[in-house]
Amino acid sequence: MTETTTTTRAPRYPGASVQPTLDSWQDAPHNRWAFTNVGDFVPTVPIPRERRDRDGLVALGSLEEHSPGLVRRLEETFTDALIVVREHRVVGEYYRPGVHPQDPHVLMSVSKSLCGLLIGTLVDDGLLDPDQLVSRYVPELSASAYGDATLRHVLDMTVAVAYDEDYRNPDSEVRAQDRVAGWRPARPGDPEDTHAFLSGLRPSGRHGERFQYCSADTDVLAWVAEAVTGCRYADLLAERLWQPMGCEDDASITVDRSGFAFANGGISCTARDLVRVGRVMMGDGAIDGVRVVSSEWVSATMAGGDPALASRLAIQQVHPGVSYRNQWWSTGNERGAVYAAGIHGQFIWLDPPSGTVVVKLSSCPDPVTTEWNRLHAGLFADLCREAR
């Protein structure tokens with residue numbers, strides 16, 4: 001998709017004086033509108049639902065009844081949509097003005113956690129072995145940082161790769177990957193597509209010795225999934241997650257110029273369908289009597305990884321015992337809370353003792369800060385404690 005140009009036409013949403021462009025749609029205030037209209041900026045392909053109704057959620061309550069002042073807290077954290085579910089019951093649901101239950105919203109790195117579940121289904125079927133080298137499945141990556149990494153290294157992000165995840169640095173690898181994926185205007189000399197970008201990443205040390213958050217890892221997993229199945233990533237998401245979960249609406253995922261899906265952050269879906277992902281996790285891999293992924297995979301994910309590998313991370317100021325396993329975060333707190341997270345405030349929060357799932361989709365002005373993480377963790381703890 002070519003870059004749009006800024007014009008003086010009246011904007012289609014409040015709070016901005018000009019239309020967003022390909023270079024500005026992720027920035028405030030444009031993201032308040034753009035995060036529910038990603039397809040206006042980046043090419044997408046559908047993740048179709050199964051054409052039948054199956055909704056296991058019942059009842060609908062008022063969140064404000066259970067937590068006075070909640071709406072103010074939601075507004076202060078730039079919430080676009082929020083749902084709290086306990087067991088099969090919706091405790092409450094919130095949408096800011098201008099956002100509706102059927103509106104898809106970009107998930108950013110919550111997309112990674114969906115990839116982790118998808119890989120789990122392929123492991124369950126014997127198509128993948130986490131202890132095998134990535135290069136066994138994708139020989140094209142043999143000369144890259146991933147050539148001597150195992151699938152387990154990639155799943156848990158302990159690959160030693162020269163990759164800067166600084167969202168504000170225009171010269172970082174994560175911004176380069178955005179450009180290759182079509183999320184920002186291309187620069188001269190950028191790799192042709194995501195395959196070329198991943199193949200060009202170089203090692204930075206020994207794998208398995210420390211946690212390194214790296215968005216490219218998830219796209220490697222998507223490449224592996226396509227290689228062993230012969231299917232496009234969006235089709236795998238539909239067949240192995242979206243349709244078995246009984247989702248109400250189609251989702252979508254952005255694709256680069258070659259058609260390769262942006263697995264690390266490109267999924268858009270409704271909050272109601274994202275709740276189903278949380279219910280699968282809380283249901284030991286099943287939802288509404290349908291097995292999606294094995295209980296063994298979910299149990300290992302919920303147990304978390306090795307906190308020692310995640311030392312010196314800023315998130316430890318909020319979750320001192322944090323770890324990462326199968327593309328999901330574990331808080332390591334006394335409640336065993338596990339979560340999926342994306343920049344600008346996208347979350348699935350799981351609270352096992354209360355059986356509560358919280359989904360929050362947002363358009364925070366900053367990609368990520370310790371203070372935003374602290375505010376969200378406090379909000380989720382209160383919601384899980386007060387949900388009835």
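Of the helices (runs of 4 or more DSSP H) contained entirely in the stretch 58-128, those carrying at least 3 residues that are at pLDDT 95 or above and β-branched (V, I, T) fall at 110-124. Close Cβ contacts (under 9 Å, 6 or more residues apart or on different chains) running from residues in the stretch 102-128 that are touching a residue at least 40 places away in the same chain (Cβ under 8 Å) and within 16 Å of T270 (Cα to Cα) to residues that are among the small types (G, A, S) and in a helix (DSSP H, G or I) comprise D103/A271; P104/G39; H105/A271; V106/A34; L107/S113; S109/S215. Just one of the listed residues (D193, D178) is among the acidic types (D, E) and without any contact (Cβ under 8 Å) to a residue 12 or more places away in the chain, and it is D178. Answer with yes or no whether C269 is crowded, with 24+ Cβ neighbours inside 10 Å and within 25 Å of A145 (Cβ to Cβ). In short, no. Scanning the stretch 136-162 for residues that are assigned to a loop (DSSP other than H, G, I, E, B), of a type outside the set (F, W, Y) and either surrounded by fewer than 21 Cβ atoms within 10 Å (Cβ to Cβ) or in contact with a helix residue (DSSP H, G or I) (Cβ under 7 Å, 6 or more places away or on another chain) (or both) yields V138, S142, A143, S144, G147, D148, A149, M157, T158, V159, A160, A162.
Of the residues making up the stretch 194-216, those that are surrounded by 15 or more Cβ atoms within 10 Å (Cβ to Cβ) and closer than 17 Å to A143 by Cβ are T194, H195, F197, L198, S199, L201, P203, H207, A216. If I filter the stretch 283-291 for residues that are touching a strand residue (DSSP E or B) at 6+ places or on another chain (Cβ under 9 Å) and surrounded by fewer than 22 Cβ atoms within 10 Å (Cβ to Cβ), do I get at least one hit? There is no residue in the stretch 283-291 that is touching a strand residue (DSSP E or B) at 6+ places or on another chain (Cβ under 9 Å) and surrounded by fewer than 22 Cβ atoms within 10 Å (Cβ to Cβ). Of everything in the stretch 12-47 that is in a loop (DSSP other than H, G, I, E, B), touching a helix residue (DSSP H, G or I) at 6+ places or on another chain (Cβ under 8 Å) and surrounded by 15 or more Cβ atoms within 10 Å (Cβ to Cβ), the residue that is modelled with the lowest pLDDT is Y13. State whether one or more residues within the stretch 163-183 are open to solvent by 40 Å² or more (accessible area, probe 1.4 Å), touching a helix residue (DSSP H, G or I) at 6+ places or on another chain (Cβ under 9 Å) and small (G, A, S). The answer is no; no qualifying residue exists.
Every listed requirement among (1) under 27 Å from L82 (Cα atoms); (2) open to solvent by 30 Å² or more (accessible area, probe 1.4 Å); (3) of a type in the set (S, T, N, Q) is met by S258 save one, (1). Scanning the stretch 298-314 for residues that are open to solvent by 20 Å² or more (accessible area, probe 1.4 Å) and more than 17 Å from the chain's Cα centre (by Cα) yields S299, A300, A303, G305, D306, P307, A308, L309, S311, R312, L313, A314.
Any chance you could count how many residues in the stretch 78-108 are open to solvent by 10 Å² or more (accessible area, probe 1.4 Å) and in contact with a strand residue (DSSP E or B) (Cβ under 8 Å, 6 or more places away or on another chain)?
Quick first cut of the stretch 78-108, residues open to solvent by 10 Å² or more (accessible area, probe 1.4 Å) only: 78, 86-90, 93-104.
Adding the requirement that they be in contact with a strand residue (DSSP E or B) (Cβ under 8 Å, 6 or more places away or on another chain) leaves 78, 86, 88-90, 93-96, 99, 101, 103-104.
So the answer is 13.
The values are calculated or read from the model by the stated rules, or taken from the named source; none is laboratory data. As the structure is a computational prediction, the values presented were derived from the model and not from experiment. Using ideal geometry, Cβ is built from the backbone for each residue, glycine included, and neighbour counts are taken over all protein chains shown. Accessible surface is based on the protein model in full, side chains and every heavy atom, while ligands, DNA and RNA are left aside. Shrake-Rupley method; radii C 1.70, N 1.55, O 1.52, S 1.80 Å.
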